[in-house]
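Undergrad: Mind having a look at this structure? Questions to follow.
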Amino acid sequence: MSFSGLSKVISNEKTGPQQFLIVLHSPELTKQAKPGQFVHVRVNGLSDPLLRRPISLHEIDYASGNVSLLYQVVGKGTELLSGVPAGAEVDVMGPLGNGFWIPEGVKRVLVVGGGIGNAPLLPLVKELKDRGVEQTVLLGGRTVDYVAGLEGFKSVGVTVETATDDGSLGRKGFVTQLAEDIFTLDKPDYFFACGPEPMLKQLIITADKYGISGQVSLEERMGCAVGACLACVCKIKVKTDEAGWDYKKVCVDGPVFEASEVVFDV
Amino acid sequence: MSNLEINLGGLKMKNPVTTASGTFGFGPEYAPYIDLNQLGAIVVKGTTLEPRKGNATPRIAETPSGILNCIGLQNPGVDYFIEKSLPYLKEYDTPVIVNISGNSVEDYAEITRRLSQADGVGALEVNISCPNVKQGGMVFGTSCTAAADVIRVVREYTTLPLIAKLSPNVTNIVEIAQAVVEAGADALALINTLLGMTIDIHKRKPVLGNIMGGLSGPAIRPVAVRMVWQVAQAVDKPILGMGGIMNADDAIEFILAGATAVAVGTANFVNPRATMDVLEGIKQYMEKYGVNDINDLVGAAWK
């Protein structure tokens, strides 16, 4: 059963422009957590902002009972969260969502992240490493400052390549172009991705061209995070449906979906 | 032990605390967080005759102390509800109130017929107030004649307690309330969401996929309390009050204004145990002020 309650803030530090890393001590939550899941955070006890904020798990430390969230300040809620000091308590629900799953027999994978979408990929990369799955990690961002969590990925000891829009780090261009090179040169069995929608869309098209399947983690404006309010839906292919798709809930049916099943609006 | 039992238009509830339709799914969503047996009733997600996909995203936007939603009645349809959701809900010792919506009076009639034959439905909440669908919904609830027509037809098809859910997007809610009571409603639920919108100033476009949406949360509570106050004094039927109830104090305010029962909606998203906190707080309030029967508080602010 998901945890819901107060968790102690161990630290909450700036890690880049508008980017913070908060570490929470929450043993009940942590012991159930797996890569790709998220927590629903109440940033204060007031009615404005009213809703919780869904934020993915960036690190899961089973030994200490800590989880960390790497987040971008984009509005009032995350702004308030960035001001919560160490030692304070925040109200969190989680772990929520399905998380990534590693299909049987997968030996070599490509992990692709863009911007703050890199965040949920770190625990996955660690798990892939533990399971002895060979991997290449591609991380992108607008500039060097926006390649979220880069040092953490490097410290896992896997191959990490980068791309930035302005060329301030790694290849100048999109991370999807790096991905295409890898699909051509060194065809992986499978891929995992999280990032902005245009990136995911392009990646899925490219991967499909090379016959490579994978999983993507999606985001959508969320209400309850437990599947009740039907706010955070996305279009997923459904064979039995007349239109060929139906709305699925990002919070409980996802946030991770099979890449080939996602329908993007043009 | 003080009495918390109430009667909502023929539906006996062990306490006055229920859930606002559309904020509580079909029940199991919140079962990991609260004991559904403790609720006075469960009001499920709006159900229509046919399955509906609902509106395009974004479906939710936050505003000061409130949220706008434009879900658009996404639901699997009444037959699916009867086959798949009702059996789960019947396991609980809590009456189920099914919220129903239709495109036409005929739709309302047919859905009522099917639900009345099903086992395990405690009452029907007739939604004539959804702001997020093109046909039906609020179209019925903003005209006295149309609202009364729906209730009159539904009444013919069921002996279940009928709760008419009213829209606040009207000039005079009392007239609508009187019209639906005349047509056969056993109780009134108010309020549904207030029609609103918000614009992204950077994109220079409305935030919501459906442009407009229904406002809920504490931002609307004073409007809801006012409407309960007015309707309670004008009609002789019990009221299920709702609109921004976040805690027991808010719920008691509704009861004092004239609500016999209260529904917790948006608060569930913020605090999955909100219904239980409300119930506990009502008990504490009664103890503090030596109130023996919750019914003594109904409308106490004007009686």
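Undergrad: Could you check how many residues of segment B:278-297 are within 19 Å of residue B:247 (Cβ to Cβ) and surrounded by 13 or more Cβ atoms within 10 Å (Cβ to Cβ)?
TA: Here is the first cut: in segment B:278-297, the residues within 19 Å of residue B:247 (Cβ to Cβ) are B:278-289, B:291, B:294, B:297.
Still in the list and also surrounded by 13 or more Cβ atoms within 10 Å (Cβ to Cβ): B:278-283, B:285-286, B:291, B:294, B:297.
Summing the residues that are within 19 Å of residue B:247 (Cβ to Cβ) and surrounded by 13 or more Cβ atoms within 10 Å (Cβ to Cβ) in segment B:278-297 gives 11.
Undergrad: Hey, could you check segment A:248-266 for residues that are surrounded by fewer than 24 Cβ atoms within 10 Å (Cβ to Cβ) and at the interface with chain B (Cβ under 10 Å from one of its Cβ atoms) and say which is modelled with the highest pLDDT?
TA: Going through the qualifying residues, I end up with A:252.
Rundown of residues vs (1) part of a helix (DSSP H, G or I); (2) touching a residue at least 60 places away in the same chain (Cβ under 8 Å); (3) surrounded by fewer than 24 Cβ atoms within 10 Å (Cβ to Cβ), yes/no style:
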| position | (1), (2), (3) |
| --- | --- |
| B:222 | yes, no, yes |
| B:229 | yes, yes, yes |
| B:233 | yes, yes, yes |
| B:236 | no, no, yes |
| B:268 | yes, yes, no |
| B:276 | yes, yes, yes |
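Undergrad: Between A:94, A:77, A:117, which is closer than 22 Å to residue A:225 by Cβ and touching a Leu at 6+ places or on another chain (Cβ under 7 Å)?
TA: Values: A:77 fails: touching a Leu at 6+ places or on another chain (Cβ under 7 Å); A:117 fails: touching a Leu at 6+ places or on another chain (Cβ under 7 Å).
Answer to the selection: A:94.
Undergrad: Output the number of residues of segment A:56-77 satisfying the condition of being without any contact (Cβ under 8 Å) to a residue 40 or more places away in the chain and more than 12 Å from chain B (Cβ to nearest Cβ). It would help to see each step written out before you state the result.
TA: At the first step, the residues of segment A:56-77 found to be without any contact (Cβ under 8 Å) to a residue 40 or more places away in the chain are A:61-64, A:75-77.
Now drop any that are not more than 12 Å from chain B (Cβ to nearest Cβ), which leaves A:61-64.
Within segment A:56-77, residues that are without any contact (Cβ under 8 Å) to a residue 40 or more places away in the chain and more than 12 Å from chain B (Cβ to nearest Cβ) number 4.
Undergrad: Still on this structure, please answer the following. Can we say residue A:229 is crowded, with 21+ Cβ neighbours inside 10 Å, at the interface with chain B (Cβ under 10 Å from one of its Cβ atoms), touching a residue at least 12 places away in the same chain (Cβ under 8 Å) and within 25 Å of residue B:62 (Cα to Cα)?
TA: Details: crowded, with 21+ Cβ neighbours inside 10 Å: yes; at the interface with chain B (Cβ under 10 Å from one of its Cβ atoms): yes; touching a residue at least 12 places away in the same chain (Cβ under 8 Å): no; within 25 Å of residue B:62 (Cα to Cα): yes.
Criteria not met by residue A:229.
Undergrad: Out of the residues in segment B:204-220 that are among the hydrophobic types (A, V, I, L, M, F, W, C) and in a helix (DSSP H, G or I), state the one that is surrounded by the most Cβ atoms within 10 Å (Cβ to Cβ).
TA: From segment B:204-220, those among the hydrophobic types (A, V, I, L, M, F, W, C) are B:207-208, B:211-212, B:215, B:219-220; that's our starting set.
Filter again for in a helix (DSSP H, G or I), leaving B:219-220.
Details: B:219: 22, B:220: 24.
Once the filter is applied, the top-ranked residue is B:220.
Undergrad: Determine if segment B:104-121 includes at least one residue that is out of contact with any strand residue (DSSP E or B) (no Cβ under 6 Å at 6 or more places or on another chain), β-branched (Val, Ile, Thr), away from every other protein chain (no Cβ under 14 Å) and closer than 21 Å to residue B:160 by Cβ.
TA: yes
Undergrad: Quick check: is even one residue across segment B:250-265 buried (at least 22 other Cβ atoms within 10 Å of the Cβ), part of a loop (DSSP other than H, G, I, E, B), in contact with a helix residue (DSSP H, G or I) (Cβ under 8 Å, 6 or more places away or on another chain) and polar (S, T, N, Q)?
TA: Within segment B:250-265 (the criterion being buried (at least 22 other Cβ atoms within 10 Å of the Cβ), part of a loop (DSSP other than H, G, I, E, B), in contact with a helix residue (DSSP H, G or I) (Cβ under 8 Å, 6 or more places away or on another chain) and polar (S, T, N, Q)), the answer is yes, since at least one residue qualifies.
Undergrad: Show me the strands (runs of 3 or more DSSP E) found entirely inside segment A:16-109 where at least 1 residues are surrounded by fewer than 16 Cβ atoms within 10 Å (Cβ to Cβ). Can you show your working first?
TA: Values: elements: A:19-25, A:38-42, A:53-56, A:59-61, A:66-72, A:89-96.
Filter on segment A:16-109 gives A:59-61, A:89-96.
Undergrad: Given (1) modelled with pLDDT of 95 or more; (2) of a type in the set (S, T, N, Q); (3) under 18 Å from residue B:252 (Cβ atoms), identify the lone condition not met by residue B:23.
TA: Status for residue B:23: all satisfied but (3).
Undergrad: I'm checking my understanding of the structure. Among residues of segment B:78-128 that are in contact with a Pro (Cβ under 7 Å, 6 or more places away or on another chain) and crowded, with 16+ Cβ neighbours inside 10 Å, which one is nearest to residue B:149 (Cα to Cα)?
TA: Among them, the one singled out is B:123.
Undergrad: Which ranges mark the strands (runs of 3 or more DSSP E) fully within segment B:1-83 that have 1 or more residues being within 12 Å of chain A (Cβ to nearest Cβ) and over 15 Å from residue B:214 (Cα atoms)? I'd like the intermediate steps shown before the answer.
TA: Numbers: elements: B:6-8, B:11-13, B:17-19, B:60-63, B:66-69.
Hits in segment B:1-83: B:17-19.
Undergrad: I'd like to verify a number: residues in segment A:49-99 that are of a type in the set (A, V, I, L, M, F, W, C), in contact with a Pro (Cβ under 8 Å, 6 or more places away or on another chain) and over 15 Å from residue A:37 (Cβ atoms), how many?
TA: Total satisfying the criteria: 2.
Each row is one residue, and each column tells you yes or no for (1) over 18 Å from residue B:239 (Cα atoms); (2) in contact with a helix residue (DSSP H, G or I) (Cβ under 7 Å, 6 or more places away or on another chain); (3) at pLDDT below 95.
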| position | (1), (2), (3) |
| --- | --- |
| B:124 | no, yes, no |
| B:128 | no, yes, yes |
| B:133 | yes, no, yes |
| B:142 | yes, no, yes |
| B:157 | yes, yes, no |
| B:171 | yes, no, yes |
| B:174 | no, yes, no |
| B:182 | no, yes, no |
| B:197 | yes, no, no |
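The values are calculated or read from the model by the stated rules, or taken from the named source; none is laboratory data. What you see is a predicted model, and the numbers here were worked out from it, not measured in a lab. Using ideal geometry, Cβ is built from the backbone for each residue, glycine included, and neighbour counts are taken over all protein chains shown.
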